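This report concerns only the one structure given below.
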Amino acid sequence: MRTHYCGELRSSDLGAEVTVCGWVDTRRVHSEHLAFIDLRDHSGIVQCVVDEKLDLRSEYVAMITGTVRTRFEGKSNDKLATGEIEIGDCSVHVLSIAEPPPFPMHERSEVDETIRLRHRYIDLRKPRMQKNLRTRAKVNSSIRNAMERQGFVEIETPMLIASTPEGARDFVVPSRLHPTNFYALPQSPQIFKQLCMVGGIDRYYQIARCLRDEDLRADRQFEFMQLDMEASFVDQDDIITFVSEAIKDSAETVTGIRPGEIPTMTWQEAMERFGSDKPDTRFGMELIELTHLFEHTEAKVFKVNCVKGILYPEGAEILGRNAIDALTEKCQSWGAKGLAWFRVGKNRELDGALTKFMSADEISELATSMEAKEGDMIFVIADQRRVVNHILGLLRLEIARPPVGEGGLNFLWITEFPLFESIADSGMPIPAHHPFTMPHPEDLEKLETAAGEEFLEIRSQAYDLVLNGWELGSGSVRIHNKEIQTQIFEILGINETEANEKFGFLLDAFRYGAPPHAGFAFGIDRLAALLSGEENIREVIAFPKTQSGSDPLTNAPTPLSPTHLEELGLRLSPEAT
RNA sequence: GGUCCCGUGGUGCAGUUUGGAGUGCACGCCGCCCUGUCAAGGCGGAGGUCGCGGGUUCAAAUCCCGUCGGGACCGCCA
């Protein structure tokens, strides 16, 4: 139908007879003898000059044929890429009329997201969504290229699988042919990709849809896409190299700048310095160790096994009493007992509610340790080390996190995650990743001797990729050795029968010759969002769900008809209805 | 499971603190005028269950309770 896209016409097209198709953006009607119609497609906008009487309204779909010509002297518009030219002598075919859109098409004001989602097909026409979805497509494409180039083979894995007990809550699908039985939708292709390794695929990848029935957030939807990969006869460094290549390629494709070498930090260091396993390293304000200052303190609140602080530069001037109270309440809601704060005055004198319980030495050493300057604010948390790091990590973000799109792209590998995340009441450790994660080689001995809390010190060969404080993805070297696997199951309190019930087919597969293998997966929605300068992954998803998991466009989820339920052998409980 | 914020013509907002007539702004919409605009301009007009329910009050957009929807976060997401 068309000869050109609207946004592509330039002075070099002068004199050409062109046909463009698109939606009527703004129109400036002077009379029945002169009207300016801005026609829009995904490429941009072009001004069409119409000199006949036409009823062309906002969002009408039109095909316009005319001649490209320069605009009148001094009438060019430098805000438009096509601003030098216009299409004159236009003949217009209205292809579809349109009701007025339910929200403004210009992007000068934010529109309520529910309304955008209810009419997503209109929202998608806007430059923002056009740009974001095309950025996302570039990310997908460059990831595919990078993986193919590195010898990875794209394998598709099933969506209807068996539910496994570990991990996130499954979405389930009732089986018509096997009443009383259910499929689960995959939380990830984890087990299948390991089976691919046993199957000699050597290097597997997939841009995979994953589903988890957990509460939604700005960076979490029920369904999301991951670059999922696994490789045989490789170690952690190989995986980091493979994934870094794909990440750098996609960032370069979008931004035009290739990121430098991605730094690595151990989990331990991340927790101590940033209070998070996904530190946002775009800004400092690191956690400072203060425990040793208060070994002999009289101040009750500091008589605990860990005291740390953060320094908010010029915070004393920025934060009033109300703001401090609000931060204190936040910290308490996160699980802190309280928040100690000190305003820094002249000569590093400290002013705060707790100074009267502290010795002069403690006060001056606190100010010195924090490298405080006049006008700064010191925040201190005292508690169990885990709690202190966690709360200060959250507080640091609350106070000083830069907006998305500022501070560059700080990719970061976090390595040496602990093998176990906590100890259950039963005394059994709970795995931090999954039970096939290979322990750190230096900690294999500890695995045999550890008891109680000591288990938490055992490191694993699990690693995360972080970008600007978002967890992009995680992976690990897997256990392929039967002895170690048995040992892990023993520690976790999973006996052979139970192990076979839960992961039988994987363990079966491993009996027939499993290569050493390792893998990774990272979230494409999150990567695409951050590369698009969006702080919400819904902005890079064509048809996302709301925080409560509903879709204002299709009204999903909806009830099933009684017939439908009956066919599936399902009956709704009275409490649920 | 929990904390916090928002809900006012089609859209975005002000009004809520301190109760007093659906009061206001911008955009959009409809009609008329207008031959160089580009967020066109001028004149006129239509459009409201102040999310919903209950309570307090002579009187509720405003105060109280509940509820629904949306958003941010904690928990959760091996």
Notebook entry, point to check: Hey, does the stretch A:95-102 have a residue that's surrounded by 15 or more Cβ atoms within 10 Å (Cβ to Cβ), out of contact with any Cys (no Cβ under 7 Å at 6 or more places or on another chain) and not in a loop (DSSP other than H, G, I, E, B)?
Noted result: no
Notebook entry, point to check: Which residue pairs have Cβ atoms closer than 6 Å, lie 6 or more positions apart in sequence or on different chains, and pair a first residue in the stretch A:424-446 that is not assigned by TED's automatic domain parsing to the domain that holds A:Gln236 and hydroxyl-bearing (Ser, Thr, Tyr) with a second residue that is assigned to a helix (DSSP H, G or I) and away from RNA strand B (no atom under 11 Å from the Cβ)?
Noted result: none
Item checked: Selection from the stretch A:329-354 of residues that are assigned to a helix (DSSP H, G or I) and crowded, with 17+ Cβ neighbours inside 10 Å -> A:Cys331, A:Arg348
Check: Taking A:Glu295, is it more than 17 Å from A:Tyr463 (Cβ to Cβ) and either touching an Asp or Glu at 6+ places or on another chain (Cβ under 8 Å) or modelled with pLDDT of 95 or more (or both)?
Finding: no
Check: Of the residues that sit in the stretch A:31-59 and are closer than 17 Å to A:Arg2 by Cα and in a loop (DSSP other than H, G, I, E, B), which one is nearest to RNA strand B (Cβ to nearest atom)?
Finding: A:Ser43
Checklist line | Qualifying residue in the stretch A:5-28 (condition: in contact with a Cys (Cβ under 7 Å, 6 or more places away or on another chain), modelled with pLDDT of 95 or more, among the hydrophobic types (A, V, I, L, M, F, W, C) and within 10 Å of RNA strand B (Cβ to nearest atom)) | finding: no
Checklist line | Output for the stretch A:29-47, where each listed residue is modelled with pLDDT under 95 and hydroxyl-bearing (Ser, Thr, Tyr) | finding: A:Ser31
Next item on the list: Consider only pairs whose beta carbons are under 6 Å apart and that are at least six residues apart or on different chains; among these, list those whose first residue lies in the stretch A:20-35 and is under 13 Å from A:Leu56 (Cβ atoms) and whose second residue is of a type in the set (Lys, Arg) and surrounded by fewer than 18 Cβ atoms within 10 Å (Cβ to Cβ).
Entry: A:Glu32/A:Lys53
Next item on the list: Working only within the stretch A:87-105, note down all residues that are near RNA strand B (Cβ under 7 Å from one of its atoms) and in contact with a strand residue (DSSP E or B) (Cβ under 8 Å, 6 or more places away or on another chain).
Entry: A:Gly88
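Could you tell me whether any residue of the stretch A:60-69 is without any contact (Cβ under 8 Å) to a residue 40 or more places away in the chain and either assigned by TED's automatic domain parsing to the domain that holds A:Thr26 or within 12 Å of RNA strand B (Cβ to nearest atom) (or both)?
Yes, the stretch A:60-69 contains at least one residue that is without any contact (Cβ under 8 Å) to a residue 40 or more places away in the chain and either assigned by TED's automatic domain parsing to the domain that holds A:Thr26 or within 12 Å of RNA strand B (Cβ to nearest atom) (or both).
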Notebook entry, point to check: Is one or more of the residues making up the stretch A:405-418 modelled with pLDDT of 90 or more, buried (at least 16 other Cβ atoms within 10 Å of the Cβ) and of a type in the set (Asp, Glu)?
Noted result: yes
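Restricting attention to the stretch A:123-145, report how many residues are in contact with a helix residue (DSSP H, G or I) (Cβ under 8 Å, 6 or more places away or on another chain) and part of a helix (DSSP H, G or I). It would help to see each step written out before you state the result.
Applying the first criterion (in contact with a helix residue (DSSP H, G or I) (Cβ under 8 Å, 6 or more places away or on another chain)) to the stretch A:123-145 yields A:123-124, A:128-129, A:132-133, A:135-136, A:138-143, A:145.
Add one more test, that the residue is part of a helix (DSSP H, G or I), and what stays is A:123, A:128-129, A:132-133, A:135-136, A:138-143, A:145.
Residues flagged as in contact with a helix residue (DSSP H, G or I) (Cβ under 8 Å, 6 or more places away or on another chain) and part of a helix (DSSP H, G or I) within the stretch A:123-145 amount to 14.
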Notebook entry, point to check: Scanning for something touching a Leu at 6+ places or on another chain (Cβ under 7 Å), away from RNA strand B (no atom under 14 Å from the Cβ) and not aromatic (Phe, Trp, Tyr), does the stretch A:380-389 turn up at least one residue?
Noted result: yes
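Does A:Lys308 satisfy the condition of being touching a Leu at 6+ places or on another chain (Cβ under 6 Å) and more than 16 Å from RNA strand B (Cβ to nearest atom)?
Yes: the conditions hold for A:Lys308.
The values are calculated or read from the model by the stated rules, or taken from the named source; none is laboratory data. Because the structure is a prediction, the values reported are computed rather than measured. Here Cβ is always computed from backbone atoms with ideal geometry, including for glycine, and neighbour counts include all displayed protein chains.
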